[in-house]
Amino acid sequence: MAEQEKQTFFDRLKNTIGTKLKEASLNAIDAYMKISRQLTSKSVNGNEIMRDPERLISRMQPRQLGRMCMYFYDPKLKETLPYYDRFPLVIPIELYKDGFLGLNLHYLPPNRRAILMDSLYRNVIKNKHLDEKKRIMISYQIVQAASRNRNFLPCVKRYLYDHLRSRIYIVDPQDWNIALFLPTERWAKANKRRVYQESLDKIRKGY
């Protein structure tokens with residue numbers, strides 16, 4: 001029983017759904033092909049993820065830049081935004097006193113997330129598996145300068161600490177490809193079809 005309690009949400013998910021999740025590799029496109037059907041059919045509540053206290057932090061530190069994180073969020077300008085994600089999946093890329101800038105990968109359809117993630121993985125020390133010491137070395141300037149990363153354009157979002165509605169969950173690097181395709185996005189004021197279509201329009205237009 002004690003051993004089960006130490007398991008993270010992602011450990012429990014892998015045990016429940018099976019070997020394809022455990023075999024997810026560093027290649028996000030390959031992982032997408034292996035596991036997307038299992039994950040999209042799995043109902044996931046963000047509260048389940050947030051029950052793993054050992055991976056929760058209150059504020060971003062420089063060492064979290066380039067990591068993958070999740071949290072509940074209520075935007076400052078939600079009344080004027082056309083839509084927003086209440087449970088973002090973010091790679092932070094710049095820190096500020098009042099918050100941070102990050103890439104919310106939920107703004108992309110899953111196949112586009114895989115393409116973007118593989119381009120970002122090129123900045124990771126190559127190894128068969130990611131561990132806690134591996135993270136994406138990325139800055140907004142690097143992404144901005146890389147034309148092949150136009151998929152990042154709809155994802156850049158600013159987040160304020162005062163509008164966090166939970167602590168921040170830091171995803172284990174070995175679980176990045178699972179988190180990438182989990183249906184945890186919580187859209188307000190629009191459905192995902194509209195979000196994805198407008199994101200693809202931004203990518204095509206280049207802004």
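The numbers here are math on the coordinates, done by the rules we state, and not lab data. Note that this is a predicted model, so its numbers are computed, not measured. When we count neighbours, we look across all protein chains shown, and the Cβ atoms used for this are built from the backbone with ideal geometry, even at glycine.
Tell me, what is the Rg over Rh of the range 6-119, with Rh the Kirkwood radius over Cα pairs? Write down the numbers at each step before the final one.
Numbers: Rg = 15.4 Å, Rh = 15.9 Å.
My calculation puts Rg/Rh at 0.97.
Extension gain Asn47-Gln61, at 0.36 nm per residue separation less the Cα-Cα distance, in nm? List each step's numbers first, then the result.
On the way: separation 14, 0.36 × 14 = 5.04 nm, distance 2.32 nm.
Using 0.36 nm per residue and subtracting the Cα-Cα distance, I get 2.7 nm.
Are there trypsin sites (Lys or Arg not before Pro) in the range 36-84 that DSSP puts in a loop and that have at most 16 other Cβ atoms within 10 Å, and which ones?
Numbers: sites: Arg37, Lys42, Arg51, Arg55, Arg59, Arg63, Arg67, Lys76, Lys78; in loops: Lys42, Arg51, Arg59, Arg67, Lys76, Lys78.
Taking the range 36-84 and a limit of 16 other Cβ atoms within 10 Å, the loop trypsin sites (Lys or Arg not before Pro) found are Lys42, Arg51, Arg59, Lys76, Lys78.
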Q. For the range 13-205, what is the relative contact order in percent, using Cα pairs closer than 8 Å and at least 6 residues apart in sequence?
A. 33 percent
Q | Computed helical MRE - 222 nm, the chain, DSSP H runs ≥ 4 contributing -39500 (n - 2.57), nearest 500 | A | -9000 deg cm²/dmol
Q) Most exposed first by the Cβ proxy, i.e. fewest other Cβ within 10 Å, how do Lys189, Lys202 rank? A) Lys189, Lys202
Q | Neighbour-count ranking [beta-carbon atoms within 10 angstrom, fewest first] of Ile93, Ile115 | A | Ile115, Ile93
Q. What full-extension length gain, to one decimal in nm, is calculated for Ala190 and Asn27 as 0.36 nm per residue of separation minus the Cα-Cα distance?
A. 55.6 nm
Q) For the residue pair Ser166 and Tyr83, what label-to-label distance in nm results when each label sits 7 Å from Cα along the Cα-to-beta-carbon direction? A) 2.1 nm
